[in-house]
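Beneath this line is the structure, given in structure tokens, with notes to follow.
Since every read-out is calculated from the coordinates, none of them should be taken as a lab result. Here the structure is a predicted model, which means the values were calculated and not measured. Glycine also receives a Cβ, built like all others from the backbone with ideal geometry; neighbour counts cover every protein chain displayed.
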Amino acid sequence: MAVSATARTKYEAVIGLEVHVQLLTKSKIFCSCSTHFGDPPNSNVCPVCLGLPGALPVLNREAVAMAMKAALALNCAINSRSRFARKNYFYPDLPKGYQISQYDEPLSQDGWIEIEVEGRKRRIGITRVHLEEDAGKSLHEGFPDSERKSYIDLNRSGVPLIEIVSEPDLRTPDEAYEYLTRLRTILLYLDVSNCNMEEGSLRCDANVSVRVAGAPAFGIKTEVKNLNSFRFLQKALAYEIERQIEMVESGESIQQETRLWDSREQRTYGMRSKEFAHDYRYFPEPDLLPLVITEEWKEEVRRSLPELPQSREERFATTHGLPRQDATLLTVTRTMAEFFEEVVKGGAEPKLAANWLLNEYSFLLEEAKVGFTDFPVASADFAKLLTLVGQKTISGTMAKEVLRDMIMTRKGPDQIVTEKGLQQINDTEKIAAVAREVIAANPKQVEQYRKGKTATLGWFVGQVMKATRGQANPQLVQDVLKKELD
């Protein structure tokens with residue numbers, strides 16, 4: 001596709017996201033079957049999951065509580081009364097022939113998320129957050145199509161979902177990426193989902209249309225499915241926006257349809273004409289009473305909410321004086337944010353702690369192929385290590401070596417420093433003695449220095465550090481050498 005720069009500025013995209021999130025309950029939404037991922041196919045099923053005649057659903061209270069947590073964190077209003085409905089459609093992995101969802105009476109509505117792209121903050125509306133059950137999973141294998149076989153795994157059927165529907169407030173692929181990133185971070189903070197896209201715990205569909213910039217009416221939208229990564233979301237939206245602009249510019253009509261993203265060909269293609277709500281023949285679920293949320297229950301859930309990432313990011317920037325980028329990175333996960341705070345409470349200087357956590361520690365964990373959540377280093381030990389650096393007991397170079405050993409051995413920094421004899425040398429006389437030996441052994445370099453080649457000083461510093469096995473205080477080494485050489 002080749003769309004001119006003029007055409008790109010002439011039009012704007014209108015994007016809304018529908019995000020399906022599996023909740024971290026141990027049992028399914030309407031029965032007691034396990035939700036554990038990866039079990040043998042069709043092993044976590046019962047008459048309710050299988051849609052057998054006479055099987056009746058019973059609502060999982062924990063799923064409702066998790067959905068309420070998500071809704072409250074997204075600034076939604078919780079409805080005191082909501083209702084489940086049957087969404088009727090045929091698909092091989094939907095054994096009942098309908099999905100129990102919520103339609104005109106959702107759990108919650110009218111929320112928002114604040115995003116920031118290129119220094120510009122925007123509030124993105126959330127239409128609703130509602131509960132529903134997941135469908136099963138179809139597995140396909142074989143090529144060509146004449147030899148293809150399909151299998152059905154119903155372990156996922158009945159796993160509790162929340163669907164988070166945004167307002168059509170997003171305008172660019174970058175905004176959609178940031179929105180989904182913010183949303184995922186909040187859900188992980190709440191511990192209501194693992195948001196693992198590879199396992200299907202978080203799935204995203206995008207509705208996108210284009211219109212002349214500033215026009216009040218929306219264009220004809222398409223829905224793009226099969227977006228199983230954040231990058232695919234960006235790429236699919238960019239492609240679809242370009243495709244639609246090109247069609248409008250050439251006088252073609254956009255068809256309202258569902259399209260799939262092909263990551264190999266880097267394009268979308270038509271799947272089916274887009275359904276309207278009435279195509280699903282929604283009607284109230286006769287086997288479930290309306291869901292009533294009391295004010296007491298709502299307040300109980302509200303009190304259980306943790307400090308959310310944007311609030312914590314703001315506090316890190318203001319209270320600890322961190323650069324905004326560092327504050328943002330430290331609050332990407334609740335685990336990292338809480339670890340940082342424990343390290344600071346242990347006596348570490350905040351900026352030093354942030355720098356080591358985001359750089360040296362992250363690098364060494366990757367090097368050791370150890371995850372942050374494996375907690376190879378206790379927060380108290382990490383704080384102690386940084387205190388040793390701050391007190392100049394050990395140098396930064398030594399500290400990195402000590403930290404590597406802490407990750408591999410789970411020993412404390414004091415023990416490693418003692419065992420390896422890594423205490424930093426801060427005795428000026430000891431350093432001067434070594435410096436004089438180095439100077440005496442290298443008269444040629446001394447002459448170069450005294451003729452004005454001051455860069456030679458760095459070479460001398462390196463020689464002294466080498467002679468002291470890196471234990472000498474580098475700043476003291478430089479000061480002593482200058483004095484001796486001059």
(message) At a threshold of 8 angstrom on Cα-Cα distance, excluding pairs fewer than six apart, so keeping six or more, what relative contact order does the range 103-257 reach in percent?
(response) 17
(request) Taking amide H positions as placed in the peptide plane 1.01 Å from N, state which residues far from Y282 in sequence (5 or more) or on other chains have amide H under 5 Å from it. (result) N88
(message) I need the shape label for the range 110-169. Rule: rounded when a/c is under 1.5, else prolate if a/b > b/c, else oblate, with a, b, c from the alpha carbon gyration tensor.
(response) oblate
(message) For the pairs K351/K430; K137/K369; K87/K221, flag any whose C-alpha to C-alpha distance is greater than 25 Å.
(response) K351/K430; K137/K369
(request) With a ≥ b ≥ c taken as the square roots of the eigenvalues of the C-alpha gyration tensor of the range 307-420, please select rounded if a/c is under 1.5 and otherwise prolate if a/b is larger than b/c or oblate if it is not? (result) prolate
(request) Using Cα positions and a limit of under 16 Å, work out the aspartates and glutamates in reach of K444, with same-chain residues fewer than 8 apart set aside. (result) E484, D486
(request) Go ahead and estimate [θ] at 222 nm for the chain from helices alone: -39,500 (n - 2.57) per DSSP H run with n ≥ 4, summed, over the residue count, rounded to 500. (result) -12000 deg cm²/dmol
(request) Would you kindly work out the equivalent ellipsoid of the range 377-418 from its C-alpha gyration tensor and give its semi-axes, the square roots of five times the eigenvalues, largest first in whole Å? (result) 15, 11, 8
(message) How far apart, in nanometres, would the label points at W297 and K420 be if each is projected 7 angstrom from Cα along the Cα-to-Cβ direction?
(response) 5.6
(message) Less than 16 Å apart at the alpha-carbon level, and either on another chain or at least 8 residues along: which lysines does that give for K345?
(response) K384
(request) Could you tally the net charge around A7, taking each other residue with its Cβ under 10 Å from the Cβ of A7, Lys/Arg +1 and Asp/Glu -1? (result) -1
(message) Cut-off under 17 Å on the C-alpha distance; same-chain residues fewer than 8 positions from K451 excluded. Which lysines are left, in chain and number order?
(response) K482, K483
(request) Quick one, can you get me the convex hull of the C-alpha atoms of the chain expressed as volume per residue in Å³? (result) 235
(message) Greater than 19 Å separation of Cα atoms is the criterion. Which listed pairs, K28/K96; K28/K149; K392/K453, meet it?
(response) K28/K149; K392/K453
(request) Considering Cα pairs under 8 angstrom that are at least six residues apart, work out the relative contact order of the chain and quote it in whole percent. (result) 14
